[in-house]
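The values are calculated or read from the model by the stated rules, or taken from the named source; none is laboratory data. All values reported here derive from a predicted model rather than from experimental measurement. Neighbour counts are summed over all protein chains in view; Cβ atoms, including those assigned to glycine, are modelled from backbone coordinates with ideal geometry. In case anyone asks, the SASA skips ligands and DNA or RNA and just uses the protein heavy atoms, side chains included. Shrake-Rupley method; radii C 1.70, N 1.55, O 1.52, S 1.80 Å.
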Amino acid sequence: MKTGYGDNHFLLKIYGLDKAEFEAYYTHHLNHFISTGKGTEKDFLAHVWQIVQKRIEYFERKDPFSSGHPRHLSNIGKLTEFQQYLGTRDKWNIRPNDVLLKEKDGKIAELEAHILDLEEQLKAHTKYGISQKVYVEDGYLPTLIDLIQQLRVVELPSGRNLLKSDHHSPYYKLIAKYFNHGGKEIPLDTARNYFVGKGEAPIKGSQVPEDRKLFRIVPADQA
């Protein structure tokens, strides 16, 4: 595509496109450009950027009091949207320096805002951090797990469960995060293996042995 070989037609079509159609439209003309041996995508992109920019400047010079002003503004808006799409294809920084600098400044501002957000999240999480985990007597991790499994099904006088979760992860993550076993970390997978759904068989070796079921949680009036 060169001046005199369809630039006007190329630009006119843009005014009727949705953003979602930009890529297919650009790619169609890019493939035709390359197939005719006129150059690379870098050449194509540079040319398209130039004609789009010139057309924007053309409409910006139009009389703002003319009857066609609303249409000119609409065309400028659509061409600007297409230019923004072209920016996503610019791997060679062929766009003017002021455009590139503005884009980089915008990305820096976006990253700085993201960093501030992450710092706030980190502060929130730090509040719940611990310096020392709860020690579980060596060999009695299954006993702790048995108690937590009992708590999961404990019912209130109303018949409703004291605890409710649609997932097992809060329970086994609680164990791995806040307890150690005989002074050693409890691997997340180890804790997870003890928690299975109804009707599911636990992984071999991850059942609480009967001799480690030392306590029973019952209502106070039944104790």
Looking at TRP49, is it loosely packed, with under 15 Cβ neighbours inside 10 Å, aromatic (Phe, Trp, Tyr) and closer than 27 Å to LYS107 by Cβ?
no
Among residues of the range 63-80 being assigned to a helix (DSSP H, G or I) and loosely packed, with under 15 Cβ neighbours inside 10 Å, the residue nearest to the chain's Cα centre (by Cα) is THR80
Options ASP98, ASP90, ASP7; residue that is of a type outside the set (Lys, Arg) and exposed (fewer than 10 other Cβ atoms within 10 Å of the Cβ)
ASP98
Would you confirm whether or not the range 152-159 contains a residue that is among the charged types (D, E, K, R) and either part of a strand (DSSP E or B) or under 25 Å from TYR128 (Cβ atoms) (or both)?
yes
Reported set for the range 161-197 where residues are of a type in the set (A, V, I, L, M), closer than 18 Å to GLN150 by Cβ and not in a loop (DSSP other than H, G, I, E, B) is LEU174, ILE175, ALA191
Filtered residues of the range 136-151 (kept if more than 38 Å from the chain's Cα centre (by Cα) and part of a helix (DSSP H, G or I))
THR143
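On the given criteria, is ALA124 open to solvent by less than 70 Å² (accessible area, probe 1.4 Å) and in contact (Cβ under 8 Å) with a residue 12 or more places away in the chain? Don't jump to the end; show me each part of the working.
On the way: open to solvent by less than 70 Å² (accessible area, probe 1.4 Å): yes; in contact (Cβ under 8 Å) with a residue 12 or more places away in the chain: no.
No, not satisfied.
Condition test on GLN132, is it surrounded by 10 or more Cβ atoms within 10 Å (Cβ to Cβ), polar (S, T, N, Q) and on the phi < 0 side of the Ramachandran plot?
Details: surrounded by 10 or more Cβ atoms within 10 Å (Cβ to Cβ): no; polar (S, T, N, Q): yes; on the phi < 0 side of the Ramachandran plot: yes.
So GLN132 does not fit the description; no.
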Looking for something open to solvent by 90 Å² or more (accessible area, probe 1.4 Å), farther than 30 Å from GLN222 by Cα, in contact (Cβ under 8 Å) with a residue 40 or more places away in the chain and not hydroxyl-bearing (Ser, Thr, Tyr) - is there at least one such residue anywhere in the range 135-145?
yes
What's the number of the only condition in (1) open to solvent by 80 Å² or more (accessible area, probe 1.4 Å); (2) under 32 Å from the mean Cα position of the chain (by Cα) that GLY16 fails to meet?
(1)
